[in-house]
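Worksheet: one structure, shown below.
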Amino acid sequence: MSLESALIHSKSGMLAQSARINAVASNIASANAESSNIGGAYKAKKVIFSNVLDRESGMSVLKVVDVKKSQAQHQVRFDPGHPMANEDGYVFGSNVSVIEEMTDMMSATKSYETNVLVAGQVKQMLTKTLQMGK
Amino acid sequence: MADSFGIHESALLLHAKRTSIIAANIANADTPGYKAQDLDFKSVLKGKATQVVLSKSSSGHIGLKASGGVKYINPYAPSLDGNTVDVEQEKMKMMEANQRYSASLEFLNGAIKGRLQVIKGD
């Protein structure tokens, strides 16, 4: 049924966007994490989603396919007195850009809300259909 | 009796299908490279006679209905990542599809009520 598949689409949209919001929250929380080596420094998470064929419903549905780590440059600071400094006196920060994360958050929230709106309208249509002939 | 409700029976299905396509567009508003689709009513009407359905020889196969009418939208302003969904436009289309669906439903309701009245005879 088409209306049910509309609901499946908006559900998949909501799931993908909430995964994105989740990644943003984790990135912002760890924006100020520091480490003594570049490998241990926090790398921003980026959610990758794309359309995947869902065998159960036989339609192509939006799914989170991967969570990748950002390849942006880390903040490196010279601070020999810092407890996390390495032998050369450097501290490695995260590679999170808070501005980028905030705009990502706004975009994800807006898309999530739009999907909720669609689900609400489809629900209304289904309810009306169920009351047909009454 | 199969066609006793006229065009509204198939109109209902058609608008439901369009709603599903618009829902998919909105869900993929941020998917890189996604191309927005829509139903072309004219070609649906024309293609009704020439519908191709692939047969399934195994339960693992996925049935494919090459129903005409689903087409890619010509975008006004595609984004850099190749996505052609215009969310505001899709919202308007969603509203339109919803209204048309409700209208067909209203007509069907009227037809059913009329018939019930005839059956009951009051």
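Considering each residue of the range B:1-58, count those that are of a type in the set (Lys, Arg) and either within 30 Å of residue B:113 (Cβ to Cβ) or modelled with pLDDT of 90 or more (or both), and give that number. Give the steps one after another, and end with the answer.
Filtering the range B:1-58 down to residues of a type in the set (Lys, Arg) leaves B:17-18, B:35, B:42, B:46, B:48, B:56.
Remaining after also requiring either within 30 Å of residue B:113 (Cβ to Cβ) or modelled with pLDDT of 90 or more (or both): B:17-18, B:35, B:48.
Residues that pass the stated criteria total 4.
For the range A:110-130, a residue qualifies if it is over 23 Å from the mean Cα position of the chain (by Cα) and either among the basic types (Lys, Arg) or at the interface with another protein chain (Cβ under 7 Å from one of its Cβ atoms) (or both), and the qualifying residues are A:121, A:122, A:123, A:125, A:128, A:129. Of the residues A:53, A:7, A:15, A:3, the single one that is within 10 Å of chain B (Cβ to nearest Cβ), open to solvent by less than 50 Å² (accessible area, probe 1.4 Å) and closer than 26 Å to residue B:23 by Cβ is A:3.
Within the range B:16-42, take every residue that is at the interface with chain A (Cβ under 9 Å from one of its Cβ atoms) and not in a helix (DSSP H, G or I) and give me the one that is surrounded by the most Cβ atoms within 10 Å (Cβ to Cβ). Lay out the reasoning, then the answer.
As a first pass, look at the range B:16-42 and keep what is at the interface with chain A (Cβ under 9 Å from one of its Cβ atoms): B:16-34.
Checking the rest, the ones that are also not in a helix (DSSP H, G or I) come to B:28-34.
On the way: B:28: 28, B:29: 22, B:30: 23, B:31: 20, B:32: 13, B:33: 11, B:34: 20.
Step by step, filter the range B:16-42, then rank; the result is B:28.
Given the options A:31, A:41, A:23, name the one that is in contact with a His (Cβ under 9 Å, 6 or more places away or on another chain) and crowded, with 16+ Cβ neighbours inside 10 Å.
Values: A:31 fails: in contact with a His (Cβ under 9 Å, 6 or more places away or on another chain); A:23 fails: in contact with a His (Cβ under 9 Å, 6 or more places away or on another chain).
After applying the criteria, what remains is A:41.
Of the candidates A:82, A:74, the single residue that is in a loop (DSSP other than H, G, I, E, B) and either of a type in the set (Val, Ile, Thr) or closer than 15 Å to residue A:40 by Cα (or both) is A:74.
The values are calculated or read from the model by the stated rules, or taken from the named source; none is laboratory data. Keep in mind it's a predicted model, so treat the numbers as computed, not measured. Here Cβ is always computed from backbone atoms with ideal geometry, including for glycine, and neighbour counts include all displayed protein chains. These accessible areas exclude ligands, DNA and RNA; they are computed on the full protein's heavy atoms, side chains included. Shrake-Rupley method; radii C 1.70, N 1.55, O 1.52, S 1.80 Å.
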